[in-house]
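The values are calculated or read from the model by the stated rules, or taken from the named source; none is laboratory data. Keep in mind that this is a model prediction, so the values were computed, not measured. Here the Cβ positions follow ideal geometry from the backbone for every residue, glycine too, while neighbour counts run over all protein chains shown. Note: areas computed on protein heavy atoms with side chains; ligands, DNA, RNA excluded. Shrake-Rupley method; radii C 1.70, N 1.55, O 1.52, S 1.80 Å.
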Amino acid sequence: MTLPPGMPTSNSSQVCKLQKSLYGLKQASRQWYSKLSSFLLSIGYSQSQADHSLYTKSTHAEFTALLVYVDDIVLAGTSLTEIQRVKQLLHHQFHIKDLGQLRFFLGFEIARSTTGIFLNQRKYTLELLDDSGFLASKPSTVPFDPNLKLSIHEGQPLEDPSSYRRLIGRLIYLTNSRPDISFTVQHLSQYVSKPLLPHYQAATRILRYPKAHPAKGILFSSSSELKLSAFADSDWARCPDTRRSVTGFCIILGTSLICWKSKKQNTVSRSSTEAEYRALASLTCELQWLQYLFHDLQVSFSRLASVFCVSKSAIYLAHNPTFHERSKHIELDCHVIRENIRSKLIHLLPISTTAQLADMFTKPLHFPAISSILGKLGLCSIHTPT
């Protein structure tokens, strides 16, 4: 490392010798991760290839999983003896602090009971409302007005664009436990480079939506069966500026929502069938990754993952091995879905529009529709309304 400015020296070519990594240095995080990873591997843990921050150890009667985020660690397993042994080894090597049962982690609040594990971001939501000045605002029943049309050309520029960018960044982190605002946040995040006044007004409406139930979160039921159900949907040519479609999907384990996504597609789709097919391809890749992760966690499924799609033409295209003129340009996505159908990873099924749970991730909905979907996805609140 070079000498700090202002330090007197007779030789301008002198440098400092780094004895150990420090916070703030570019190489500190890499050195810390390398040291922690080497130590965990030396005590018998294996690193997951699906998620490099997950380490597992398995014997005939015991299983232990260790999840790392920088210097915060979550430890879970079937043997308290092994958990205590790992904590003692970590403390001897790094002098850790044991916080006991998991109740708060990276802004997430965790509550446990015989019913299951409840995950929410109540404190983070209230701090966001307080910092933005919307703690006493009137609650909204929907995060986004379905009749509102936003564009990059209509509206006055903001005097301070950084305030909009900070707000969107904090809302993106809130989507980790609030899938009901995923579509709205991804839609408004497209305008961070040049935000306008209508964009900021739409973002403030999102703040009024969690005001009604700041403690709403996801319940991971302890009685869920080991069955994966996935829903894929798209909104063709949703973006008025680029005419790109929106991909939306969600994956449910038993009755518990474990994965969801709302994202604008990278290319323009020439038909609604193509847009639906690209959404199916994204969902299939996510199911492949979940299969690797469940294998590391020693979870096996006796039944195929049921994938539900509204578009019958997309389902026919997935089962039809013949490419024709209108499907040659999406041949790569076709192969992804067809190979997983043949390998017995997924089972593609049709579903009605009213029963499509992924509809919330592709377009803004009115209050009765979004409330019905949230109930089916298992979102709830264990706190009284504010």
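Observations, loosely collected:
- Share of carbon and sulfur in the accessible heavy-atom surface of the range 53-118 [1.4 Å probe, %]: 57
- Estimated FRET transfer efficiency when R0 is 22 angstrom, pair Gln27-Arg165 (beta carbons, to 0.05): 0.20
- Within the listed set Thr362, Thr184, Thr273, the Gaussian network model of the chain (springs between alpha-carbon atoms below 10 Å) gives the highest mean-square fluctuation for Thr273.
- Where the range 193-325 is the region considered: accessible area per residue in Å², 1.4 Å probe: 45
- Longest exposed-site-free window of the chain, the sites being GluC sites (Glu not before Pro) in a DSSP loop that have at most 14 other C-beta atoms within 10 Å: 226-324
- 31 Å Cα-Cα threshold exceeded, pairs from Lys123/Lys261; Lys312/Lys376; Lys26/Lys87; Lys97/Lys263; Lys211/Lys376: Lys97/Lys263
- If R0 is taken as 51 Å, the Cβ-Cβ distance between Glu339 and Ser137 corresponds to a FRET efficiency of 0.55.
- On the range 135-205, 54 percent of the accessible area sits on carbon and sulfur atoms, based on a 1.4 Å probe.
- Sites Leu304 and Lys123, calculated FRET efficiency, Cβ-Cβ separation with R0 41 Å, nearest 0.05: 0.55
- Of Ile258, Ile181, Ile96, the residue with the greatest mean-square motion in the GNM of the chain, using alpha carbon springs below 10 Å, is Ile96.
- Stokes-Einstein D for the range 156-265, Kirkwood Rh over Cα pairs, 20 °C, 1.002 mPa s (µm²/s): 138
- The alpha-carbon atoms of the range 146-214, seen along their principal axes, cover 32, 26, 18 angstrom, with the largest extent given first.
- Length gained when the stretch Lys264-Lys17 is fully extended (0.36 nm per residue, less Cα-Cα span): 84.1 nm
- Chain lengthening between Lys312 and Lys97 when straightened (0.36 nm per residue, less Cα-Cα): 71.9 nm
- Taking Arg243, Arg30, Arg178 in turn, the Gaussian network model of the chain (Cα-Cα springs below 10 Å) assigns the largest fluctuation to Arg30.
- For the chain, calculated [θ]222 nm from helices alone, where every DSSP H run of n ≥ 4 adds -39500 (n - 2.57): -11000 deg cm²/dmol
- Cα convex hull of the chain, projected area averaged across orientations, nm²: 25.8
- For the range 244-295, the Rg and Dmax computed from alpha carbons only, in angstrom: 12.4, 38
- Stretched out straight at 0.36 nm per residue, the stretch from Ala355 to Lys87 would grow longer than its current Cα-Cα span by 91.8 nm.
- From the alpha carbon centroid of the range 174-253 to that of the range 102-150 is 13 Å.
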